[in-house]
Amino acid sequence: MESILIAVLVVAAIVVASVVAPRIGTAAPLVLLGIGLVVSLLPFTPEFEIDPELILAVLLPPLLYSAAVNMPTMDFRRDFRTISGLSVLLVVVSALGLGVVFTALIPGIDFALAVALGAIVSPTDAVATSIAKRLGVPSRVITVLEGESLLNDATALVLLRTAVAATAAGVSFGAILVEFVWAVVGAVAIGWVVGTVVLRLRARIEDEAVSTAISFTVPFVAFLPAEHLGASGLVAAVTAGLVTGHGQARHLGPTQRLSDHQNWRTIEVLLEGLVFLIMGLEVSALVRDVEDTTEGGVVRAVVLAVVGLVVALGIRAFYTLSIVLMERRRMRRTPQLREAIDEWSTKVEHSEHPRADRFRRRLRRASHDIDFYDAARFGRREGFILVWAGMRGAVTLAAAQTLPTDTENRSLLVLVAFFVALISLVVQGGTLGWFVRRLGLAGRAHGAAQEWTRLNDRMRDAARDVLDDAALPPELAGLRERATRALDDDDFDPSALSDMRLEIIERQREVLLRERADGTYSSEVLTRMLAKLDADQISIELRRTGDAG
């Protein structure tokens, strides 16, 4: 009974935080973090400690999978170079830089262990990034932040494991490199296979409830074999999510996708809230342990955390500056790139070569990518938000708790990691909205209304193509001229019109997916149009079910 009561109270706290947070101008995760902190410091609250494996193996895989499913793969592809650099190079540089700092500030600590602590506090967190999304940060910055936080866990955890191993025995650079490459490549391969196979399996299942139930297993089906084979289970779960998100519009029906979205959104809200609540609840036990075992106690841990976070943000700022400079260089090259693409497009326009169509599609995609970069420019303001929105969160705390129990100064290191995450969330998360508004980036749209009009016209063209090509039944033979009279005819069969509309929707969806592959329109507009087509199809199918009943 006690466990049931606790579960009910947790859900109630998450619901209250979700309702109250928008009204007070903050994010629900910060409210839940505060609730956990207050409860943990109450005198009658028992010490709360959770197995870090529960976070790493139970809570994070579905959270990362859900975020990956909703990640626009087109946007992910366009900024993959930036995302991969932040996920790998920045984490490595940050871990090494922080290792030097912690070695100087913590007497007697081994450099390898200091690098381990640096690896713990280096990665940004997908759950923490949700705060940035709710505050109206520009969509391109959100894409980079989400992509980075989905992939940088592998880098951080491999560095952590390697650094901990190095405290006991020497580890060669070659061994580190091989382990990291396998952690990523092996995980991507496993996640891709799992995502593809399960997506094809679900396409054969008509029951939406059963299909959604299968989807709940996907992150774990990807995570478990990857971890067993020494790869990154989290990256495998992310890859499975990306594969599912990219292919679901082609393989799953609209009711399946709607069911998935609603159920996964519920799970995401509950698990995300639980992660932040756990972070707050754990502080009491950590504080007491450090006060009893460490000279300087909590004050020392806070100082180390502040210094570590400042150094991490400084390194991130320097790296982000290089991203902004590369973006400027890309913009300067835009006229030459457009000219080259136009020249090649003219050459292959009427080519009969077997690969000409594929080459034309690549040229169209390259042209649309340039349009995207030109419309969603990444300048100093976006760079500042990228730095400030890179918050630490649950992964940092969970990774810290995987340190071996016999690690010297373990409680201090775990508490430092906790304070890094806490200060990051409170300070950065609490001021991010103000910075976004101050920089004039809140809710900024890049011609979404014009894009929507153009895409609507494209959908009408697809509908006309279906009507032009269709072999209409006798009662609809004069559809364009006699649609009104046909609807009033007693012999008119309404199902024929429904069939026609479903065929139009299917053709429009095919056109939409081709436009997505070419990158013609923004992911936001494409997603809205796909949702509109899904709603139309569901409405028609529901009316048919009602008529049959």
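Just so it is clear, none of the values below were taken in a lab; they were calculated from the coordinates. The structure presented is a predicted model; accordingly, all values stated were derived computationally and were not measured. Virtual Cβ from ideal backbone geometry, glycine too; neighbours counted across all protein chains shown.
Counting only Cα atoms, I'd like the Rg/Rh figure for the range 89-218, Kirkwood definition for Rh. Kindly include the intermediate steps, with their values, before the conclusion.
Values: Rg = 19.2 Å, Rh = 17.3 Å.
Result for the range 89-218 is an Rg/Rh of 1.11.
For the range 269-393, what is the charge dipole size about the Cα centre, in debye to the nearest 20, if Lys and Arg each add +1 at the Cβ and Asp and Glu each add -1 at the Cβ?
So the magnitude is around 820 debye.
If you rank Met326, Met529, Met500, Met391 by fewest surrounding Cβ atoms within 10 Å, what's the result?
Lowest count first: Met326, Met500, Met529, Met391.
May I ask for the net charge around Val420, where only other residues with Cβ less than 15 Å from the Cβ of Val420 are counted and Lys, Arg are +1 while Asp, Glu are -1?
Its environment carries a net charge of +1.
Mean separation of Cα pairs under 8 Å and 6+ residues apart, divided by the residue count of the chain: what relative contact order is that in percent? Please list the in-between numbers first.
Values: 672 pairs, mean separation 117.6, N = 549.
Across the chain, relative contact order equals 21 percent.
What is the magnitude of the charge dipole of the range 13-120 about its Cα centre, with +1 placed on the Cβ of each Lys and Arg, -1 on the Cβ of each Asp and Glu, and no other charges, expressed in debye to the nearest 20?
In debye, rounded to 20, the range 13-120 gives about 520.
Just want the answer: with Cβ charges of +1 for Lys and Arg and -1 for Asp and Glu, which residue in Val210, Gly230, Trp192 is farthest toward the dipole's positive end in the range 175-241?
Towards the positive end, the residue furthest out is Trp192.
Compare the Cα positions of Met74, Pro22, Phe111 along the charge dipole of the range 1-119 (+1 at Cβ of Lys, Arg; -1 at Cβ of Asp, Glu; about the Cα centre) and return the one farthest towards the positive end.
Positive-end residue among those listed: Met74.
Could you give the size of the charge dipole of the chain about its Cα centre, using +1 on the Cβ of each K and R and -1 on the Cβ of each D and E, expressed in debye and rounded to the nearest 20?
Details: 55 positive and 62 negative charges, 438 e Å.
Computed about the Cα centre, the dipole is about 2100 debye.
Once the Cα gyration tensor of the chain is diagonalised, what are the square roots of 5 times its eigenvalues, in whole Å and ordered largest first, as equivalent ellipsoid semi-axes? Before the final figure, lay out each step's value.
On the way: eigenvalues 439, 162, 93 Å².
Each semi-axis is the square root of five times an eigenvalue, giving 47, 28, 22 Å.
Whole-Hz ³J(HN,Hα) for each residue in the range 94-103, computed from phi via Karplus 6.51 cos²θ - 1.76 cosθ + 1.60 with θ = phi - 60°, x for glycine and proline: what do you get?
5, 4, 5, x, 5, x, 5, 5, 5, 5
If you take the Cα Rg of the range 263-366 and divide it by 2.2 N^0.38 Å, with N the number of residues, what do you get? Mind showing how you got there, number by number?
On the way: Rg = 27.3 Å, N = 104, 2.2 N^0.38 = 12.8 Å.
Rg over 2.2 N^0.38 Å, computed on Cα atoms: 2.12.
Once you put a point 7 Å from the Cα of Arg360 and another 7 Å from the Cα of Arg328, both along the Cβ direction, what distance in nm separates them?
4.0
Which of Tyr373, Tyr521 has the fewest other C-beta atoms within 10 Å, and how do the rest follow up to the most?
Least to most surrounded, the residues fall as Tyr373, Tyr521.
Does the range 77-166 come out rounded, prolate or oblate by the C-alpha gyration tensor, with a ≥ b ≥ c the root eigenvalues, rounded set by a/c under 1.5 and, if not, prolate when a/b is larger than b/c and oblate if not?
It is prolate, given that a/c is not under 1.5 and a/b is the larger ratio.
Calculated from DSSP H runs of 4 or more alone, at -39500 (n - 2.57) each and per residue, what is the 222 nm mean residue ellipticity of the chain, nearest 500?
-26000 deg cm²/dmol, from helical runs alone.
As a footprinting exposure proxy, order Trp344, Trp388 by other Cβ within 10 Å, with the fewest listed first.
In increasing order of surrounding Cβ atoms, one gets Trp344, Trp388.
Once you list every other residue whose beta carbon is under 13 Å from the beta carbon of Gly297, what net charge do they have if Lys and Arg are +1 and Asp and Glu are -1?
That works out to -2.
Can I get the semi-axes of the range 218-301's equivalent ellipsoid? Compute them from the C-alpha gyration tensor as square roots of 5 times the eigenvalues, in angstrom, largest first.
40, 18, 9
Of Ser84, Gln508, Leu425, whose Cα points farthest to the positive end of the dipole of the chain (charges on the beta-carbon: +1 Lys, Arg; -1 Asp, Glu; origin at the Cα centre)?
Projecting each Cα onto the dipole axis, the largest value belongs to Ser84.
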